[in-house]
There are 2 protein chains.
Amino acid sequence: MANIQQIAQEAGVSVATVSRVLNNATSVTQKTRLKVKRAINELNYEPSMLGRNLRKSESRLILVLLPSISNPFYNEIINGIQNSSIANNYNILLCETDSKPERENIYFNMVKNKLADGVISMDPTVNMQKLNELAKNHPVILCSEYEEGGTIPYVTIDSELAAYQAVKHLIRLGNEKIALISSDEKFLYARLRRAGYERALKEFQLPIRDEWIYHTKELEFQNGVQAMRMLLQLEEKPTAVFAVSDTLAIGALKALKAESELPNPIAVVGFDNISFSNMTYPTLTTISQPMYKMGYLAVDMLMNSMKDEKVESIVLDHELIIRDSTMW
Amino acid sequence: MANIQQIAQEAGVSVATVSRVLNNATSVTQKTRLKVKRAINELNYEPSMLGRNLRKSESRLILVLLPSISNPFYNEIINGIQNSSIANNYNILLCETDSKPERENIYFNMVKNKLADGVISMDPTVNMQKLNELAKNHPVILCSEYEEGGTIPYVTIDSELAAYQAVKHLIRLGNEKIALISSDEKFLYARLRRAGYERALKEFQLPIRDEWIYHTKELEFQNGVQAMRMLLQLEEKPTAVFAVSDTLAIGALKALKAESELPNPIAVVGFDNISFSNMTYPTLTTISQPMYKMGYLAVDMLMNSMKDEKVESIVLDHELIIRDSTMW
DNA sequence: CAATATATTGTAATCGATTACAAAGTAAAA
DNA sequence: TTTTACTTTGTAATCGATTACAATATATTG
């Protein structure tokens, strides 16, 4: 593969001139510009980004941290990030941490090593201390999951309010025994959604019972199935369930279908509005997050952060999508 | 951020020695090694990959091309690719082409520009001509979708045989009117799966009727819903359906549930065994591809290709997973 | 101890671009 | 035709590492 020297030689000009042509600098005559372009075509030349990046000390790559790509919740956010990045002439590196510190370290090092220019983290399992450390010297934005009272800018929704509204919806439908399927409360979103759940129950003077609150280890479908099975084994069964994610809710629905001898249907509300939530039977009532927008904005914020502008955190609006799982 | 010069100065040695310590070269005394390490810690130094990559003319990045991350089919493959890459000290760049040539060009240029060392393409919509061109100078492996009679090594399954077996299963259950929900036949997998479908029907002297073959534009759930609706409007309705992807099959199931006045249930078989396929109602009978393995092997093949070894294409085994959608 | 072999360290070129500054060329003004 | 102002081009330093080769230090041998 040819390099800039060879082009310069072929075109009979200096490397500086070739570089100017490559970067559309103004001060190059039409005539020399043509000579250079001809040489470029002749030798099938593509400028090396390695050289350019080293000189400019940038990689135009954004790291996107997420625990696992298999959670469909991230799909639309990633779409937003992707489109926004490309519009800004950046590319993204999707980084599955699998919630493993070793993996996380690899990616943090990439940033320190200048292999990436900034980070958007959607990973609730991220090591916040290390991330804060990184954020001192590098642009970092949190997307969806964030740190309360932290210094890293974030874009998210009001999880507490959303949960409150979801549960209130169940109450309005006449449910008094409402269970919660949540994940690990080390995650902020889980704590917030639980808080919303409790606020709604308290407001209507309904009991908050420990055995109606189930914590799963992960967010896979199977965890939802498992959780629902446990709830169905209780002596006093709930009549409705609020799950902190669609994946859990869908698992719960599955477990309910398997249980043929239920006197009354149990209502289920999920969270995220993943595309599959409209394909289940019954279709799932859920909270819709503006995922695409969230991703898009996260990149905007990162770009501003790179320009050393002050970046304000953003809280976006959500929406309750009412489907069959609360009206069968 | 400190650079290698400063470390050399701080430690009172030459840059070469620092580099040797960084790369665990043998010929460094314990004493100087310590001096250097102390300086590294002192100045909080992280070597710049930009410099290293330029010098070594490699980026240790693999591009993974796929049309869209929202298709859950790719999840497990990506997992395999990811794990295998990390084991080989590479990172992957997930590249959604959205089936747009502009996007594709961006990524191809990254390879030409030395920003990535190789490509694994899972994108059926890829421009094969350009990819072949790229493959002349850079390592490329095809994963899942491939080119018949092409020169780029691939890892895949026998789609024709799998489809044949899926349809044969439907025939054995007594179905004689079997529909096909396929995608665009510009994709090889679609042509192969249709061929398998037709082979099974012919073998049992069953009719191949054009109105029972529906082609969707995309692979989203909604396309499956749409396809099934059309099939249900036919005068002579099929009693079973084979869909070339789980997403389409799941959409079809959804459309079937919506239709309450069916005299007999319609059996459905999908393809891919995505994780959702076990969460639908009824659960989906499908063909399971060894997705993780496929991804893992693709990286192995790429590594060999980078070492300029000859790489043989691989056809892996599949499996028919029988669930409720063919026995209700 | 001197001569030689070996282990350790340093010097400087190199990867491929960008860019400040200098030099040469061209156009405009005197 | 000079002189001046402005454009265009070239020279060489630079980004931050690796590494061939040279130089020096240390160990081994006779």
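If the condition is being under 28 Å from B:Met110 (Cβ atoms), of a type in the set (Lys, Arg) and more than 8 Å from DNA strand C (Cβ to nearest atom), then the range B:13-55 contributes only B:Arg52.
Only one of (1) under 21 Å from A:Met279 (Cβ atoms); (2) away from chain A (no Cβ under 14 Å); (3) within 23 Å of the chain's Cα centre (by Cα) fails for B:Met291. Which number is that? Just one mismatch for B:Met291, condition (2). Might you let me know whether the range A:3-10 holds any residue that is polar (S, T, N, Q), away from DNA strand D (no atom under 16 Å from the Cβ), within 12 Å of chain B (Cβ to nearest Cβ) and surrounded by fewer than 18 Cβ atoms within 10 Å (Cβ to Cβ)? Scanning the range A:3-10, I find no residue that is polar (S, T, N, Q), away from DNA strand D (no atom under 16 Å from the Cβ), within 12 Å of chain B (Cβ to nearest Cβ) and surrounded by fewer than 18 Cβ atoms within 10 Å (Cβ to Cβ), so the answer is no.
Looking at A:Asn109 and the list (1) within 16 Å of DNA strand C (Cβ to nearest atom); (2) out of contact with any helix residue (DSSP H, G or I) (no Cβ under 8 Å at 6 or more places or on another chain), which single condition is not satisfied? Of everything listed in (1) within 16 Å of DNA strand C (Cβ to nearest atom); (2) out of contact with any helix residue (DSSP H, G or I) (no Cβ under 8 Å at 6 or more places or on another chain), A:Asn109 misses just condition (1).
So B:Leu65 clears everything in (1) in contact (Cβ under 8 Å) with a residue 60 or more places away in the chain; (2) crowded, with 20+ Cβ neighbours inside 10 Å; (3) at the interface with another protein chain (Cβ under 9 Å from one of its Cβ atoms) except one condition, right? Which one? Checking B:Leu65 against (1) in contact (Cβ under 8 Å) with a residue 60 or more places away in the chain; (2) crowded, with 20+ Cβ neighbours inside 10 Å; (3) at the interface with another protein chain (Cβ under 9 Å from one of its Cβ atoms), the one that fails is (3). Picking from residues in the range B:93-110 that are more than 9 Å from chain A (Cβ to nearest Cβ) and touching an Asp or Glu at 6+ places or on another chain (Cβ under 9 Å), the one that is nearest to B:Glu218 (Cα to Cα) is B:Ser99.
Scanning the range B:40-75 for residues that are small (Gly, Ala, Ser), within 12 Å of DNA strand D (Cβ to nearest atom) and at negative phi yields B:Ser48, B:Gly51. Here A:Arg60 meets each of (1) away from chain B (no Cβ under 14 Å); (2) under 41 Å from the mean Cα position of the chain (by Cα) with one exception, condition (1). If only one of B:Ile120, B:Ile171 is aliphatic (A, V, I, L, M) and surrounded by fewer than 23 Cβ atoms within 10 Å (Cβ to Cβ), which one is it? Only one candidate qualifies: B:Ile171. Considering only residues of the range B:11-24 that are among the aliphatic types (A, V, I, L, M) and more than 8 Å from DNA strand D (Cβ to nearest atom), which is nearest to B:Asn41 (Cα to Cα)? Within the range B:11-24, the match that is nearest to B:Asn41 (Cα to Cα) is B:Ala11. Within the option set B:Glu185, B:Glu203, B:Glu176, being under 25 Å from B:Met122 (Cα atoms) and either touching a residue at least 12 places away in the same chain (Cβ under 8 Å) or outside the structural domain of B:Pro124 (by TED's automatic domain parsing) (or both) holds for one residue only, B:Glu185.
Candidates in the range A:198-226 are the residues that are among the aliphatic types (A, V, I, L, M) and within 14 Å of another protein chain (Cβ to nearest Cβ); of these, the one that is surrounded by the most Cβ atoms within 10 Å (Cβ to Cβ) is A:Leu219. Scanning the range A:121-142 for residues that are within 14 Å of chain B (Cβ to nearest Cβ) and under 14 Å from the mean Cα position of the chain (by Cα) yields a single hit, A:Met122.
The values are calculated or read from the model by the stated rules, or taken from the named source; none is laboratory data. Bear in mind that the values here come from a model prediction, so they are computed numbers and not experimental data. Reconstructed Cβ throughout: ideal geometry from the backbone, glycine too, with neighbour counts over all protein chains shown.
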